[in-house]
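Here the structure is laid out as structure tokens; the discussion comes afterwards.
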């Protein structure tokens, strides 16, 4: 996961075309489950200011194909845990969750937001 995250961060910093990265990127199951945490943090109404969840939701939809039900269930549990953490966090914990959301999670959301429509429909 760290290698993939570093690749994406380097691509963002270098000004590489995110649509090309999104179209060719396929994260492994462990990374998919981890990124589901980002989806929960971005979707949370308890972390202010809220951010648009469209990008992360597109990314997760793009990456969903071919996942087993076990992986999808683990990802859903991880997303739910992140929502619960945000809802019950004290101010210091919320600040930490916001930093995570606005840091590494923003990279995944940016990739999804910039993914070409054809990559979401199998290229047709």
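The values are calculated or read from the model by the stated rules, or taken from the named source; none is laboratory data. Because the structure is predicted, anything quoted here is derived from the model rather than measured. Please note: Cβ atoms are built from the backbone with ideal geometry, for glycine as well, and neighbour counts cover all protein chains shown.
(1) exposed (fewer than 12 other Cβ atoms within 10 Å of the Cβ); (2) assigned to a helix (DSSP H, G or I); (3) modelled with pLDDT of 95 or more: which one isn't true of residue 45, the others all being true?
(2)
I'd like the full set of residues that are in contact (Cβ under 8 Å) with a residue 40 or more places away in the chain, surrounded by 14 or more Cβ atoms within 10 Å (Cβ to Cβ) and either part of a helix (DSSP H, G or I) or in contact with a strand residue (DSSP E or B) (Cβ under 9 Å, 6 or more places away or on another chain) (or both), limited to segment 50-76.
Across segment 50-76, the qualifying residues are 55, 56, 57, 58, 59, 60, 62, 71, 74, 75, 76.
Has segment 82-103 got any residue that is under 20 Å from residue 32 (Cβ atoms), surrounded by fewer than 17 Cβ atoms within 10 Å (Cβ to Cβ), at pLDDT below 95 and over 10 Å from the mean Cα position of the chain (by Cα)?
Looking through segment 82-103, none of the residues is under 20 Å from residue 32 (Cβ atoms), surrounded by fewer than 17 Cβ atoms within 10 Å (Cβ to Cβ), at pLDDT below 95 and over 10 Å from the mean Cα position of the chain (by Cα).
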